Amino acid sequence: MQEQILTIRQQILEAKSNGQKLLAILLDPDKIELKNLYQLIDKINQSPATHIFVGGSIVRNNILEELITALKQKTNLPVILFPGDPSQISSKADGILFLSLLSGRNPDYLIEYQVQAAPILKKTNLEVISTGYILIESGNETAVARVSKTKPLSRENLDLVLATALAGEMLGNQLIYLEAGSGAKQPVPKEMIELITQNVRIPVIVGGGIVDLHGIQKAYNAGADLVVIGTAFENNSHFFDL
Ligand code: 1GP
């Protein structure tokens with residue numbers, strides 16, 4: 001029998017239904033030195049990562065294409081764009097988180113950038129994964145809040161975070177991303193992850209401010225389907241070494 005090739009979204013759904021937890025390493029092209037790239041990719045290959053996310057709130061340098069080409073050559077992991085704006089689209093990746101910043105009220109990040117990106121994406125083979133992106137207050141102003149000029153949702157207001165996630169699901173989002181922001185002082189609270197994952201059926205990504213393996217496990221235990229690690233791996237490529 002011919003083996004069916006699953007899309008990225010189908011793989012995530014399958015993992016969720018099998019109880020398999022997923023891990024994405026986030027690479028910010030601005031923070032990568034190309035001379036260390038192959039060493040970094042070796043470290044990713046030795047890690048438990050199941051996905052690679054590429055992006056940042058603002059990407060100033062032009063290494064995006066080169067980075068993705070190298071990743072595609074040297075790893076088998078799906079490479080998924082996690083863009084801050086439409087300039088960060090590369091047809092060389094496998095997919096893109098098509099984000100709408102549901103926690104904010106800035107129309108640019110709710111729909112304008114999506115309108116700009118849609119015709120570009122239509123010309124690529126990227127798998128477009130509609131993602132409701134919810135920024136949670138995390139103790140310091142993060143790049144997402146600064147760049148998007150939006151306020152994160154309060155850590156205390158669980159009802160509002162739940163209503164926002166439910167609205168995302170009802171609008172047809174295929175994933176919900178609970179984001180504390182890169183380098184956040186505090187990650188998304190466990191109670192919040194529990195509440196959201198118990199009440200939406202779509203997979204939930206959790207990221208921002210997770211600095212150790214215990215933090216990853218805590219998010220999984222609370223119900224996260226996929227955890228994102230950026231800064232901690234950036235600062236220490238031995239992060240996953242036993
Ligand atoms: C940021 O959720 C990601 O968008 C990862 O955050 O850099 O804090 O791991 P960290």
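The values are calculated or read from the model by the stated rules, or taken from the named source; none is laboratory data. Because the structure is a prediction, the values reported are computed rather than measured. Ideal geometry is used to build each Cβ from the backbone, glycine not excepted, and the neighbour counts take in all protein chains shown.
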Mind listing whichever residues of segment 158-178 are out of contact with any strand residue (DSSP E or B) (no Cβ under 8 Å at 6 or more places or on another chain) and either within 16 Å of the ligand (Cβ to nearest atom) or farther than 18 Å from residue 110 by Cβ (or both)?
-> 158, 159, 162
Here the residues within segment 107-144 that are polar (S, T, N, Q), in contact (Cβ under 8 Å) with a residue 24 or more places away in the chain and surrounded by 13 or more Cβ atoms within 10 Å (Cβ to Cβ) are 116, 124, 130, 131, 138, 140, 142
Would you call residue 144 assigned to a helix (DSSP H, G or I), within 11 Å of the ligand (Cβ to nearest atom) and closer than 25 Å to residue 108 by Cβ?
-> yes
Output for Cβ contacts, cut-off 7 Å, separation at least six or different chains, first residue of a type in the set (D, E, K, R) in segment 30-49, second part of a loop (DSSP other than H, G, I, E, B), reads 30/56; 30/59; 30/60; 30/61; 43/237
Got at least one residue in segment 8-23 being in a loop (DSSP other than H, G, I, E, B) and hydrophobic (A, V, I, L, M, F, W, C)?
-> no
Residues that are touching a residue at least 60 places away in the same chain (Cβ under 8 Å), assigned to a helix (DSSP H, G or I) and more than 10 Å from the ligand (Cβ to nearest atom), drawn from segment 217-236 = 220
What are the pairs, 6+ residues apart or on separate chains, where a residue within segment 61-86 that is modelled with pLDDT under 95 has its Cβ under 6 Å from a residue that is of a type in the set (Ser, Thr, Tyr)?
-> 64/90; 65/90; 84/57; 85/113; 86/113
In segment 147-180, anything part of a strand (DSSP E or B) and either modelled with pLDDT under 95 or not aliphatic (A, V, I, L, M) (or both) is listed as 177, 179
Residues in segment 179-202 that are within 14 Å of the ligand (Cβ to nearest atom) and under 24 Å from residue 147 (Cβ atoms) total 10
